[in-house]
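The next block holds one structure in the form of structure tokens; read it before the comments.
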Amino acid sequence: MKLKQNIQIQISGIAIVLFVLLMTHCTIKQSESEPLAKTYFNYDDTVKQISNKPQKEINSDYNKTDSNGKKQGLWIDEQYSPYRRELYYKNGILSGVCKEFYANGNLAVFGEYTNGVESGKWYYFHYDYGHLWMTYENFAKNYDTITYNSGGKKYVPDYKCYFKWYYSNGNIKEEGWLLWYEGEGLGSDFSVEYGTWKYYNEQGKLIKMEEYKSHVHERGNVP
């Protein structure tokens, strides 16, 4: 009788082990089949889930115009060198999410337009590793005057926003206000630093502060 009970116990134990192994295998398979998405931190205690799947793979209705010839809904620009851009229009005006992809398929930029201008917070990601690289936020009309080194001429750029550049470990590398002109990109050669800028080492320690107002130098492209 005891021998029979021991055999039954051993069989039950083997069944439990096999069940656990089967469930583990199914869980792994399920996680492998889930849609690819990346989690990025904006370092303001907020987590954003951003899909890096091109929108055209799940929406074939794009690049449409209405009866008046105005762009409506999703538009995809495959010729936007060096990226592919996915934008949304409302009555011919940029309005909604903007995503840009590198040639290797990695997400390059994630942001939003409101009535044709940048709004909210824009995220830029590294080409090779996909980590957060730069952010732009607090977009507004600019009224501050700057003076270039050559000739001392004064200018009032059209827009401003707050810029942050990150190390690969997530710590801020530098931050400050950035001014730029209508029709120019945020990181173009025609954008300039303004006000107090802070610079940090890779461990996050503040190492330098600079003030840009009366003799602002032109900002080059971020490498």
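Every number here is computed from the coordinates shown, using simple stated rules; none is lab data. A quick note: this is a predicted structure, and the numbers were derived from the prediction, not measured. Note that we place each Cβ from the backbone using ideal geometry, even for glycine, and neighbour counts take in every protein chain shown.
What is the packing order of peptides 111-119, 160-168, taking the mean over residues of other C-beta atoms within 10 Å and listing the highest first? Write out the running numbers ahead of the final one.
Details: 111-119: 15.6, 160-168: 18.4.
Most protected by this proxy first, the peptides run 160-168, 111-119.
Run the numbers for K213 and K64: contour at 0.36 nm per residue of separation, minus the present Cα-Cα distance, in nm. Let's see the in-between values first.
Numbers: separation 149, 0.36 × 149 = 53.64 nm, distance 4.50 nm.
Using 0.36 nm per residue and subtracting the Cα-Cα distance, I get 49.1 nm.
Take the residue pairs K90/K213; K70/K164; K90/K121 and return only those whose Cα atoms are more than 27 Å apart.
K90/K213; K70/K164
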